[in-house]
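Read-outs: derived from the displayed coordinates by stated rules, not from any lab. Quick caveat: nothing in here was measured; it's all calculated off a predicted structure. FYI the Cβ positions are ideal-geometry reconstructions off the backbone, even for glycines, and counts take in every protein chain you see.
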Amino acid sequence: MENQFDYIDKQILSKLRLDARKAYSQIAEELKVSNSLIHQRIKKLTAEGVIKNAEFVLEEKNLGYKTKSYTGIRLREARFAKDVMRELEKIPEITECNFVSGNYAIFILIYAKDNQHLQKILYDKVHLINGVAGTDTFICFDTCFKRNIPIE
């Protein structure tokens with residue numbers, strides 16, 4: 001079932017997308033609607049799974065993680081996929097794991113302090129996971145932009 005959003009829903013999502021900590025009362029004031037309406041709509045959007053959670057976005061470089069990389073993982077056999085993904089989830093520097101099609105079965109996003117730290121993550125952790133046949137890593141020089149999907 002496809003979600004249908006009205007003007008108010010779209011405006012609420014647009015405002016929360018820019019600042020998830022924005023007070024509901026401020027959103028209500030900007031949209032010229034009641035505070036209770038905003039609460040009801042956000043509750044509905046959360047119940048429908050449109051809004052998962054409000055979170056802080058950490059600036060990795062300011063926390064000392066200077067190396068960002070995308071790594072494609074080849075598996076020895078497809079049957080290892082779920083076990084490998086469970087083991088990858090235990091590695092805190094891996095912030096995203098995707099099950100994909102193509103030459104790789106899994107694509108992960110890794111943040112490391114530097115290239116030596118990245119090497120340790122790959123060779124002392126990822127490559128030791130049962131079922132991993134090999135990896136190809138792509139260093140990210142810079143993130144040009146990052147955004148949420150459009151609200152339509």
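Below 8 Å between Cα atoms, with a sequence gap of 6+, how large is the relative contact order for segment 7-47 in percent? The partial results should precede the final answer.
On the way: 20 pairs, mean separation 14.2, N = 41.
Reported relative contact order: 35 percent.
Over 26 Å between C-alpha atoms is what I'm after, so list which of 90/113; 22/66; 32/146 land there. Before the final figure, lay out the partial values.
On the way: 90/113 18 Å; 22/66 30 Å; 32/146 30 Å.
Check vs 26 Å cut-off fails for 22/66; 32/146.
Taking a sphere under 9 Å around the Cβ of residue 103 and counting the other residues whose Cβ falls inside, with K and R at +1 and D and E at -1, yields a net charge of 0. Under the combined filter of DSSP loop state and at most 14 neighbouring Cβ atoms within 10 Å, segment 1-65 retains these GluC sites (Glu not before Pro): 2, 48, 55, 59.
Cross-link partners of residue 68 among aspartates and glutamates, defined as those whose alpha carbon lies under 15 angstrom from its own and excluding same-chain residues fewer than eight positions apart: 59, 60, 93, 96, 114, 136, 142. With 0.36 nm allotted per residue and the present C-alpha distance subtracted, the residue 61-residue 139 stretch has 26.6 nm of extension available.
Against the chain, whose longest principal axis is taken from its Cα atoms, helix 35-47 shows a tilt of about 30°.
Please tell me the relative contact order of segment 61-140 in percent, rounded to the nearest whole number, where contacts are Cα pairs under 8 Å and at least six residues apart. Let's see the in-between values first.
Working: 136 pairs, mean separation 37.8, N = 80.
In percent, rounded to a whole number, it is 47.
Which whole-number percent is the relative contact order of the chain (Cα, under 8 Å, 6+ apart)? Spell out each step's value before the answer.
Working: 171 pairs, mean separation 38.1, N = 152.
Relative contact order comes out at 25 percent.
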